[in-house]
1. Those residues that are part of a helix (DSSP H, G or I), of a type in the set (Asp, Glu) and open to solvent by 40 Å² or more (accessible area, probe 1.4 Å), I need them from the range 350-361; list them, please.
2. In this structure, is residue 116 open to solvent by 20 Å² or more (accessible area, probe 1.4 Å), outside any helix (DSSP H, G or I) and touching a strand residue (DSSP E or B) at 6+ places or on another chain (Cβ under 9 Å)?
3. Looking at 560, 564, 582, can you tell me which residue is open to solvent by less than 10 Å² (accessible area, probe 1.4 Å) and either within 25 Å of residue 526 (Cα to Cα) or of a type in the set (Ser, Thr, Tyr) (or both)?
4. Those residues that are out of contact with any Ser or Thr (no Cβ under 7 Å at 6 or more places or on another chain), closer than 23 Å to residue 493 by Cα and either part of a helix (DSSP H, G or I) or open to solvent by 50 Å² or more (accessible area, probe 1.4 Å) (or both), I need them from the range 432-457; list them, please.
5. Can you go through 244, 254 and tell me which one is out of contact with any Asp or Glu (no Cβ under 8 Å at 6 or more places or on another chain) and open to solvent by 20 Å² or more (accessible area, probe 1.4 Å)?
6. Looking at the range 207-227, which of its residues are open to solvent by 70 Å² or more (accessible area, probe 1.4 Å) and part of a helix (DSSP H, G or I)?
7. Condition check: among the β-branched types (Val, Ile, Thr) and closer than 16 Å to residue 300 by Cβ. Does residue 236 satisfy that?
8. Have a look at 554, 573 and point out the one that is open to solvent by less than 30 Å² (accessible area, probe 1.4 Å), of a type in the set (Val, Ile, Thr) and either in a loop (DSSP other than H, G, I, E, B) or modelled with pLDDT under 85 (or both).
Amino acid sequence: MRILIVDDEPAMHDSYRRSFASASGAQDDALSAMAAELFGDEGGPVDDAGTIAFDCVHHMQGMDAVAEIERAQRDDAPFAVAFIDVRMPPGIDGKETARRIRAADPEVNIVIVTGYSDFSPVEISKVAGPADKLFYIAKPFEVAEIVQTATALAHRWEADRALKAAREQLSRQVVQLEEQAAELAANEMKAVHVATHDSLTEAPNRLAFLRALGERSKQPGRFAVGMIDLDRFKLVNDTLGHLAGDELIRAICAILQETIPAGGLVARLGGDEFGLLFETAGEQAAEMACTRVVHACATELKVLGHAVQAAASAGVVTAGEGDNRDPIDLIRRADLALNDAKRSGRGIARLFDESMDEGVRVRRRIETGLSQAIARDELALVYQPIVAHGTFEVVGFEALLRWNTREYGPISPATFIPIAEESNLIHELGDWVLEHSLDVLQTWPGQYVSVNFSPRQFRRHNFVGYIMERCQRAGVEPGRLQIEITETAIFDDADRAAETLYRLRQMGFRIALDDFGTGYSSLYNIRKFALDALKIDRSFIDGMSREKESAAIVRSIVHLAQSLNLTVIAEGVETAAQVDLLRVAGASHLQGYYFAKPLAESLAREMAHTRFIEVELATGTLG
């Protein structure tokens with residue numbers, strides 16, 4: 001322990017030296033008892049004999065003592081106790097010395113040693129306090145008094161330093177804990193944000209949408225739930241890439257946030273699907289709000305330098321005080337309305353009504369029954385002849401699927417084919433149709449069979465290999481199978497479709513583009529596809545005798561197709577007048593009820609062997 005002694009009398013310094021020299025020898029019982037009582041068995045720095053080792057530094061004047069204290073602070077070797085005389089001429093007195101020492105080292109214990117009463121303890125305490133670190137000893141002093149005071153204050157100084165260090169450590173730990181708590185709170189907020197927001201658009205995600213919808217359902221008032229889905233989004237992804245698709249999603253999200261009614265919520269539910277939640281006065285107001293949103297989405301956007309025509313469809317349902325407010329059911333109903341909007345032509349908003357729900361139940365029953373139709377032997381094929389115009393020779397048959405259920409009787413292909421297309425059932429049905437169509441060729445003298453393939457079938461992995469393998473297994477030449485596809489099948493992925501059609505043609509298969517004129521293609525942009533025939537949609541044939549426009553369209557298609565060496569098959573021919581008009585237009589092949597309705601396999605076989613059909617034309621002649 002370092003002890004500072006300040007006194008202007010050399011004799012006093014000798015007394016201090018003798019006192020601490022005596023203490024270094026051995027502590028008396030009273031000193032040991034006092035230390036043990038005050039501080040317990042553990043003490044501060046001790047020598048080998050168990051006695052505190054004092055390091056005494058002596059100065060005659062106050063200024064020197066102050067300098068010593070300052071030096072000790074710089075060297076990190078502070079004093080535990082300073083004994084200071086009051087009168088120290090000619091320099092500063094003890095009061096001023098104590099004040100400056102206290103200013104330099106707030107932790108040192110100061111002992112005023114004096115035989116005079118120049119200053120009262122209160123006066124000194126005012127400048128050299130605090131009072132618990134300021135003590136007094138009168139001159140002359142006893143050795144034991146000095147040693148006991150030094151020992152006790154040294155222990156106290158050490159305990160104070162340890163306590164201060166503990167408090168500082170605790171303070172640092174508190175600060176650290178506060179920082180960790182703040183960081184934890186920030187991380188928690190970030191985790192909550194990540195869990196409830198879409199990473200691409202930063203909009204709320206499905207989880208957040210469900211929570212918000214759940215909370216809103218508990219409150220009074222009418223609100224609306226909307227579902228938004230982009231039209232032909234897959235085409236953007238497939239042609240421009242996923243980065244372009246992501247950019248389009250972000251742009252549409254911004255449009256939705258700008259056009260949704262004030263206070264509404266826009267959430268990205270996944271893929272190109274968004275959810276809307278907003279207040280509304282009623283069903284019509286909700287439908288109008290979603291219509292405005294849909295119209296805002298129907299705009300041309302710049303996506304990675306490409307001009308993209310965006311479009312969306314919407315479904316909406318409202319919930320009032322007495323309505324079903326279950327969040328899952330509300331989303332389901334809005335989704336039903338969205339599906340109805342897409343089936344109705346896209347780019348529109350539909351308000352949910354109960355008939356849509358019944359439609360879903362019917363669809364589920366159909367899908368369930370369709371999955372068992374093959375095992376129950378409920379499927380059958382019928383065949384409608386395709387005849388050459390002029391000779392009326394039967395050159396082929398189109399295979400058409402029929403389903404006669406046990407529970408509900410016959411179900412129209414227009415009903416069950418779209419349902420099968422939306423599920424994997426279309427592949428199972430397609431396999432069955434192709435297998436039976438190829439088998440029936442064995443009984444025909446040379447005609448081809450025309451089989452419809454849906455867009456989903458056409459995009460099937462290794463479609464070319466699949467078709468070829470089935471033909472080889474049935475022992476059928478590729479030229480006797482005509483593959484009918486729609487414009488949607490080839491234009492959804494034009495490059496891939498062009499390659500697939502080219503390979504099919506190279507192998508000898510016939511390719512016909514079905515329902516031509518009803519989609520978004522033209523003769524100009526189908527030149528790059530390997531096709532054999534165009535089938536003109538029945539809607540144009542039906543209008544030929546009533547509308548000049550329909551007749552003009554048919555003539556244009558026929559003439560341009562001929563320039564591209566394509567066969568034209570007119571579908572839906574039902575009257576002799578249509579036959580005459582199509583002959584004038586130059587259509588090479590005809591198909592329709594005028595020649596024959598779809599026939600059972602046995603009747604089709606009989607017609608195939610007969611080869612020619614006799615018909616009475618509008619002119620009265622026989623063909």
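1. Pass one, the range 350-361, residues part of a helix (DSSP H, G or I): 354-361.
Filter once more, so that each one left must be of a type in the set (Asp, Glu): 354, 357-358.
Passing the criteria: 354, 358.
2. Details: open to solvent by 20 Å² or more (accessible area, probe 1.4 Å): yes; outside any helix (DSSP H, G or I): yes; touching a strand residue (DSSP E or B) at 6+ places or on another chain (Cβ under 9 Å): no.
For residue 116, the condition - open to solvent by 20 Å² or more (accessible area, probe 1.4 Å), outside any helix (DSSP H, G or I) and touching a strand residue (DSSP E or B) at 6+ places or on another chain (Cβ under 9 Å) - is not met.
3. Numbers: 560 fails: open to solvent by less than 10 Å² (accessible area, probe 1.4 Å); 564 fails: open to solvent by less than 10 Å² (accessible area, probe 1.4 Å).
Among 560, 564, 582, only 582 is open to solvent by less than 10 Å² (accessible area, probe 1.4 Å) and either within 25 Å of residue 526 (Cα to Cα) or of a type in the set (Ser, Thr, Tyr) (or both).
4. Hits for the range 432-457 are 452, 456, 457.
5. Details: 244 fails: open to solvent by 20 Å² or more (accessible area, probe 1.4 Å).
Only one candidate qualifies: 254.
6. Taking the range 207-227 first, the residues open to solvent by 70 Å² or more (accessible area, probe 1.4 Å) are 207, 211, 215, 218-220, 222.
Residues satisfying the conditions are 207, 211, 215.
7. Numbers: among the β-branched types (Val, Ile, Thr): yes; closer than 16 Å to residue 300 by Cβ: yes.
Taking the combined requirement at face value, the residue satisfies it.
8. On the way: 554 fails: either in a loop (DSSP other than H, G, I, E, B) or modelled with pLDDT under 85 (or both).
Every option except 573 fails the conditions.
The values are calculated or read from the model by the stated rules, or taken from the named source; none is laboratory data. Worth saying up front: this structure is predicted, and the values here are computed from it rather than measured. We place every Cβ from the backbone using ideal geometry, glycine too, and count neighbours over all the protein chains shown. Keep in mind that these areas ignore ligands, DNA and RNA; they rest on the heavy atoms of the full protein, side chains included. Shrake-Rupley method; radii C 1.70, N 1.55, O 1.52, S 1.80 Å.
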